[in-house]
Amino acid sequence: MSNSISFSLSQLITQLHLLLLPPMGNSTFSGTLTNLTPSQVTAIKSKYSNVKVALSLGGDSVGGGYAYFNPSSVNSWLSNAVSSLTHIIQEYNLDGIDIDYEHFQTDPDTFAQCIGQLISTLKKNGIISFASIAPYDDDQVQSHYMALWKSYGHLIDYVNFQFYAYDQGTTVSQFMDYFETQRSNYKGGKILPSFISDGSGGLSPENGFFTACSKLKSEGNLHGIFVWCADDSKALDFKYEKQSQSLLAISH
């Protein structure tokens, strides 16, 4: 998120995910948030005490190629990840991590052990207060994240499922079916419905996303709304984020 992207933060916005940070070398995370300083993060959190700021790890690509999860071993990956992420999180006064790996050159169990132990260690050390994951409906992706969930789901606070990865033109009925499928896959988890700001995939706000969310809310299954991404939303004056807040504020 660029520091040029700003909008009125109500008491209902609770998470800001700043960037996707791929690992460098042997799973050492290194990076400077060139458009955001530690003092700016502190200022946001001071003004809005409910806001937690997360660092997203992985993403789709880096340097023109896919960002693969490919550790040499669980122990070496974990040691480097804990050390480097602790430094970044403390420097920028961050609160959590979001796991967004989408490409893998390792088996699901290795992924589960690396990520699960990372979350466990950072929480145990008091470095983070929450963790989320961002899977989508792809066989390889699901096999890795569901293995993680099976062993470490109790440590994962939110499932920011990428429902916008489904086909453009998804209907409300289809969306509700997809949501139930993911509730089953990540049983007991707080599954967040999501949309993409430019409407290029999934169920868009203009075609019934908030109708679906209202149904989820009436069922007690709306734990928040996940939006991708702020760069596109800015051009729309964050109108769908504001609509999301209005819906979340309604009590049933």
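The values are calculated or read from the model by the stated rules, or taken from the named source; none is laboratory data. None of these values were measured; they are calculated from a predicted model. In this analysis, Cβ positions are derived from the backbone assuming ideal geometry, glycine residues included, and neighbour counts consider all displayed protein chains. Accessible surface is based on the protein model in full, side chains and every heavy atom, while ligands, DNA and RNA are left aside. Shrake-Rupley method; radii C 1.70, N 1.55, O 1.52, S 1.80 Å.
At a glance:
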{"quantity": "Complete set of residues in region 192-220 that are within 17 Å of Asp177 (Cα to Cα), open to solvent by less than 20 Å² (accessible area, probe 1.4 Å) and not hydrophobic (A, V, I, L, M, F, W, C)", "calculated": "Pro193, Ser194, Gly201, Gly202, Ser204, Gly208"}
{"quantity": "In region 160-171, the residues that are open to solvent by 30 Å² or more (accessible area, probe 1.4 Å) and among the hydrophobic types (A, V, I, L, M, F, W, C)", "calculated": "Ala165"}
{"quantity": "Flag if Asp109 is open to solvent by 10 Å² or more (accessible area, probe 1.4 Å) and either part of a strand (DSSP E or B) or touching a His at 6+ places or on another chain (Cβ under 6 Å) (or both)", "calculated": "no"}
{"quantity": "Failed item, numbered, when Asp157 is tested on (1) more than 30 Å from Leu236 (Cα to Cα); (2) within 16 Å of the chain's Cα centre (by Cα); (3) open to solvent by 10 Å² or more (accessible area, probe 1.4 Å)", "calculated": "(1)"}
{"quantity": "Some residue of region 44-63 being more than 20 Å from Ile99 (Cα to Cα), among the aliphatic types (A, V, I, L, M), at pLDDT below 90 and open to solvent by 20 Å² or more (accessible area, probe 1.4 Å)", "calculated": "yes"}
{"quantity": "Which listed residue is part of a helix (DSSP H, G or I), open to solvent by 60 Å² or more (accessible area, probe 1.4 Å) and not acidic (Asp, Glu), from Ser72, Ser79, Ser84, Ser120", "calculated": "Ser79"}
